[in-house]
1. What about B:Leu10, is it surrounded by fewer than 18 Cβ atoms within 10 Å (Cβ to Cβ) and in a helix (DSSP H, G or I)?
2. Show the residue pairs that are 6+ apart or on different chains and have beta-carbon atoms under 8 Å apart, the first residue being within the stretch B:156-169 and under 15 Å from B:Leu89 (Cβ atoms), the second being of a type in the set (Gly, Ala, Ser) and part of a loop (DSSP other than H, G, I, E, B).
3. Taking only pairs six or more apart or across chains, which ones have beta-carbon atoms under 7 Å, a first residue in the stretch B:185-207 that is more than 16 Å from B:Trp65 (Cβ to Cβ), and a second residue that is buried (at least 19 other Cβ atoms within 10 Å of the Cβ) and of a type outside the set (D, E, K, R)?
4. Quick check: anything in the stretch A:149-172 in a strand (DSSP E or B), in contact with a strand residue (DSSP E or B) (Cβ under 8 Å, 6 or more places away or on another chain) and touching a residue at least 12 places away in the same chain (Cβ under 8 Å)?
5. B:Ala113: more than 23 Å from B:Ala202 (Cβ to Cβ), within 14 Å of another protein chain (Cβ to nearest Cβ) and assigned to a helix (DSSP H, G or I), yes or no?
6. Could you tell me whether any residue of the stretch B:89-104 is touching a Leu at 6+ places or on another chain (Cβ under 7 Å), under 22 Å from B:Ile221 (Cα atoms), within 14 Å of chain A (Cβ to nearest Cβ) and of a type outside the set (A, V, I, L, M, F, W, C)?
7. Among the residues of the stretch B:47-60, is there at least one that is away from every other protein chain (no Cβ under 14 Å), crowded, with 19+ Cβ neighbours inside 10 Å and over 20 Å from A:Pro92 (Cβ atoms)?
8. With respect to B:Leu44, determine if the residue is modelled with pLDDT of 90 or more and over 19 Å from the mean Cα position of the chain (by Cα).
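The values are calculated or read from the model by the stated rules, or taken from the named source; none is laboratory data. Since this is a predicted model, take the numbers as computed values, not measurements. No Cβ is skipped: glycine too gets one built from the backbone with ideal geometry, and neighbour counts run over all protein chains shown.
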Amino acid sequence: MTTALLEARDLSVHKGLRQLLKDVTLCVEPGDLWQLAGGNGIGKTSLLRSFARLASIEVYGDLSRCDDVLYVGHSAALKGAMTPRQNLKYHPSGLCTPTDTEIDEALAAVGLAGYENALTARLSAGQKRRVALARLFLPSGRLWLLDEPFTALDVAGVAVLEQRFTAHAQAGGAVVFTSHQSTDLGDLLSVLDLEQFRGD
Amino acid sequence: MTEARDIDILHYCRSQTVRQLMLMVRSPSEVVNPLLFFLLVIVLFPLGLGPDPEQLSVLAPGILWVVALLSNLMICMRLFVDDLEDGSLEQLAMARVPLSIAVLPQLLASWLASGLLLSVVSPLFGLMLGLPLNVAPVLIASLLMGTAIMLLLGAVGAALTVGVQRGGILLALLILPLYVPILIAGTRALNEALQGGDPSIALALLGAGVTGGLVLAPLAIAAGLRVSLEL
């Protein structure tokens with residue numbers, strides 16, 4: 001028997017006085033890849049943050065999820081004054097305590113080999129994004145909540161990330177991510193169109 | 001996929017302390033600015049009050065403590081601002097460590113870079129105000145404890161106001177009244193030492209403040225951060 005990694009029942013998400021989403025029901029099982037889709041401002045990020053329990057004041061309804069969660073938001077908690085290696089090693093989420101080899105392998109996997117000791121502030125936007133996403137290549141949580149992971153990535157970067165999603169799902173993890181782009185994830189992917197849950 | 005390793009709280013705190021200290025070393029202005037502020041203001045007092053050592057040494061305890069208090073306020077205003085902007089606070093809240101413990105490394109690093117440093121060099125500033133060297137131990141001890149309490153209290157205010165645009169004045173209004181007892185106890189200890197009395201009661205009060213602050217402030221800081229992050 002598999003237990004769901006995340007189960008939301010009749011969730012409603014509010015921002016200020018406005019109800020963004022209502023009656024959201026979603027069950028994420030190990031091996032699932034879920035894309036939250038919908039236009040700008042519909043509440044993709046708010047929903048993802050409520051899954052991460054980063055917004056409980058404005059969320060009503062039942063939500064249960066496993067504790068082993070990795071969340072990567074728009075801002076990635078990277079410090080420009082530190083190198084990518086240090087940023088990963090001393091990451092404030094402290095989800096894992098990676099060894100130096102693991103970090104170098106993760107950075108190589110996202111195509112940043114050779115930049116391990118550069119200052120993060122000197123990297124380009126896409127490269128910073130890659131540093132943030134290198135966390136996915138470290139021993140990390142079972143349930144990944146990723147906000148617009150493909151933003152600022154080039155074609156090769158998107159392909160690497162999609163492969164990593166598939167591998168993670170096949171290993172018993174699950175990914176919930178927001179994106180406007182259509183992805184190349186095949187059968188594994190389920191799309192949750194938020195338009196149907198639009199609030200009043 | 002490798003099994004997620006359980007986080008050991010001590011290990012987490014150590015790694016976060018390293019992170020914070022590393023960030024301070026990389027941006028030395030944050031460490032040096034409060035110290036420079038302290039120095040500049042102390043230099044101004046003899047110019048304004050006249051160079052009479054007798055008069056200056058009477059005023060020295062009050063001057064030193066008020067300036068220490070203000071430079072502490074400067075540090076508190078910067079405390080969580082960058083971390084809120086770059087998402088570090090969110091990730092801190094995602095850590096499977098209670099938020100009240102997860103904020104301790106940052107407080108420790110801030111205190112090492114501000115309070116500890118300031119206390120150690122304070123006898124030098126005291127000399128500039130005509131304070132005799134034999135009260136240096138009391139000066140250092142009272143500032144070590146006083147800066148720790150002020151940082152703990154200030155962090156509560158900083159946690160509450162970090163989400164507010166230009167919350168600096170609000171922060172000052174919130175926490176300056178709370179600093180008053182510390183100011184009184186601190187100057188009292190110094191005055192007693194200057195007049196050959198017994199500073200131990202005032203020092204004991206400060207010590208009690210540090211203990212109480214260490215126990216209670218992290219809970220309040222975590223609650224404040226939850227409000228600011230809308231958790």
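1. On the way: surrounded by fewer than 18 Cβ atoms within 10 Å (Cβ to Cβ): yes; in a helix (DSSP H, G or I): yes.
Judged against the criteria, B:Leu10 is a match.
2. Filtered contacts from the stretch B:156-169: B:Thr161/B:Gly167.
3. From the stretch B:185-207, the pairs are B:Gly207/B:Met145.
4. No - not one qualifying residue is present in the stretch A:149-172.
5. Values: more than 23 Å from B:Ala202 (Cβ to Cβ): yes; within 14 Å of another protein chain (Cβ to nearest Cβ): no; assigned to a helix (DSSP H, G or I): yes.
Answer is no for this residue.
6. yes
7. First, pick out the residues of the stretch B:47-60 that are away from every other protein chain (no Cβ under 14 Å): B:47-60.
Now restrict to residues that are crowded, with 19+ Cβ neighbours inside 10 Å: B:60.
Then keep just the ones that are over 20 Å from A:Pro92 (Cβ atoms); that gives B:60.
Yes, the conditions are met somewhere in the stretch B:47-60.
8. Taking the combined requirement at face value, the residue satisfies it.
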